[in-house]
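Student: Take this structure, written in structure tokens, and hold onto it; I'll ask about it next.
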Amino acid sequence: MGITVHPLSDVLGAEIKGVDLSNILDDVTVRDIHDAWMEHLVLLIRGQSIDDRQLVEFSSRFGSLDGAPIGSERGGKVSTDEHNEITVISNVIEDGQPIGGLGNLESDWHTDMSSYDEPPAASVLYSLEIPPTGGDTSFCNMYRAYETLPREVQAKLQDLKAIHDATLTSTGGLRHGFEAVKDVTQTPGARHPILRTHPETERTALFLGRRTNAYVPGLSVEESEALLDMLWENSTKAENTWTHTWQVGDLIMWDNRCAMHRRDPFDNAARRIMHRTQITGDQPFYKPPEVTPTAA
Ligand code: SIN
């Protein structure tokens, strides 16, 4: 019996049924999941009961895995002891120390680690403990964010890059080793093309990363702010987003090359523990789509 694919919205997202991730998946199942992922950008697989080894095993069927990022706001590494590839996202404090990153605060719209020259292609997030309310995660479709722009704006973006801030976490905390940005033209972080060709689907997406401290080199700060505000508003408007309310045992995998995400805050008296892996990516690039000649 193969998997079945159930779209979750008109925007993006599909639930995959008929799969138990505690088993090693055969190649056909992995290919079918991959194909559904490329079509729907974000996949949900519910009701799983897996350990870190199985999470790493499943994630690595889709590419090599990054180590957990260093340089969180507390300056530490947020991986588990046994698996360097697992990043712990949690508000839980044990023995006076946070067991993971991001706490209970709102995490603003972003693409994971987009300040890297080669940001991760994708992320896989598995829920171990969730609060009774809050902590929902939303996603937006960056293909549609591009496709719904006026033609003249699309054309203008072809030659532009943006700086992706390296100083702040997605909850706004200053990363260890960085100083607060005073002048956005000097923001530390990678410069990526604003239009991004997806290396697998070859579709064009907007690639914005994160809003705070972003800057478009070559424009005045005022022009850059106005352009970025317009692009962010278009990308994250309600009709371009889908929100997931977590249950324990949910696994979500998203494609960072064509989707951004954000998380709602939640009550810090409740516990939320998620384990995340990141699939290694490559340097973002833009290749204009080939124009098919029309018949004379
Ligand atoms: C993340 O930004 O990777 C975390 C999302 C979440 O905690 O739901």
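Student: Of all residues in segment 88-146, count the ones that are within 12 Å of the ligand (Cβ to nearest atom), at pLDDT below 95 and at positive phi.
Tutor: Within segment 88-146, residues that are within 12 Å of the ligand (Cβ to nearest atom), at pLDDT below 95 and at positive phi number 3.
Student: What strands (runs of 3 or more DSSP E) lie completely within segment 243-296 and have 3 or more residues being surrounded by 18 or more Cβ atoms within 10 Å (Cβ to Cβ) and aliphatic (A, V, I, L, M)?
Tutor: Details: elements: 251-255, 259-263, 273-279.
Output list reads 251-255.
Student: From the list 173, 189, which one is among the small types (Gly, Ala, Ser), modelled with pLDDT under 95 and touching a strand residue (DSSP E or B) at 6+ places or on another chain (Cβ under 9 Å)? Steps first, please.
Tutor: Working: 189 fails: modelled with pLDDT under 95.
Answer to the selection: 173.
Student: Next up: Name every residue in segment 237-272 that is touching an Asp or Glu at 6+ places or on another chain (Cβ under 7 Å) and more than 10 Å from the ligand (Cβ to nearest atom), in order of residue number.
Tutor: 243, 245, 248, 265, 271
Student: Pairs under 6 Å by beta carbon, first residue surrounded by 20 or more Cβ atoms within 10 Å (Cβ to Cβ) in segment 185-197, partner of a type in the set (A, V, I, L, M) and assigned to a loop (DSSP other than H, G, I, E, B), six or more apart or different chains?
Tutor: Pairs that qualify, where the first residue is surrounded by 20 or more Cβ atoms within 10 Å (Cβ to Cβ) and the partner is of a type in the set (A, V, I, L, M) and assigned to a loop (DSSP other than H, G, I, E, B), are 187/181; 189/166; 194/160.
Student: Oh, and also: Output the qualifying pairs, or none if there are none: Cβ atoms under 6 angstrom, residues six or more apart or on different chains, first residue in segment 151-164 and touching a residue at least 12 places away in the same chain (Cβ under 8 Å), second residue among the charged types (D, E, K, R).
Tutor: Correct list of pairs: 161/191; 163/191.
Student: A further question on this structure: Got at least one residue in segment 221-234 being surrounded by 20 or more Cβ atoms within 10 Å (Cβ to Cβ) and away from the ligand (no atom under 16 Å from the Cβ)? Show your work before the answer.
Tutor: Pass one, segment 221-234, residues surrounded by 20 or more Cβ atoms within 10 Å (Cβ to Cβ): 224, 231.
When the remaining residues are screened for being away from the ligand (no atom under 16 Å from the Cβ), the result is 224, 231.
Looking for residues that are surrounded by 20 or more Cβ atoms within 10 Å (Cβ to Cβ) and away from the ligand (no atom under 16 Å from the Cβ), one finds at least one in segment 221-234, hence yes.
Student: Here's another thing I want to ask about it. Could you list, in sequence order, the residues of segment 194-252 that are under 15 Å from the mean Cα position of the chain (by Cα) and aliphatic (A, V, I, L, M)?
Tutor: Correct list: 205, 206, 208, 251, 252.
Student: Residues that are modelled with pLDDT under 95 and either touching an Asp or Glu at 6+ places or on another chain (Cβ under 7 Å) or more than 29 Å from residue 36 (Cβ to Cβ) (or both): does segment 217-232 have at least one?
Tutor: Within segment 217-232, the first condition is being modelled with pLDDT under 95, and the residues that meet it are none.
Within segment 217-232, not a single residue is modelled with pLDDT under 95 and either touching an Asp or Glu at 6+ places or on another chain (Cβ under 7 Å) or more than 29 Å from residue 36 (Cβ to Cβ) (or both).
The values are calculated or read from the model by the stated rules, or taken from the named source; none is laboratory data. Since the model is a prediction, treat every value here as computed from it, not as a measurement. Here the Cβ is made from the backbone with ideal geometry for all residues, glycine too, and neighbour counts use every protein chain on show.
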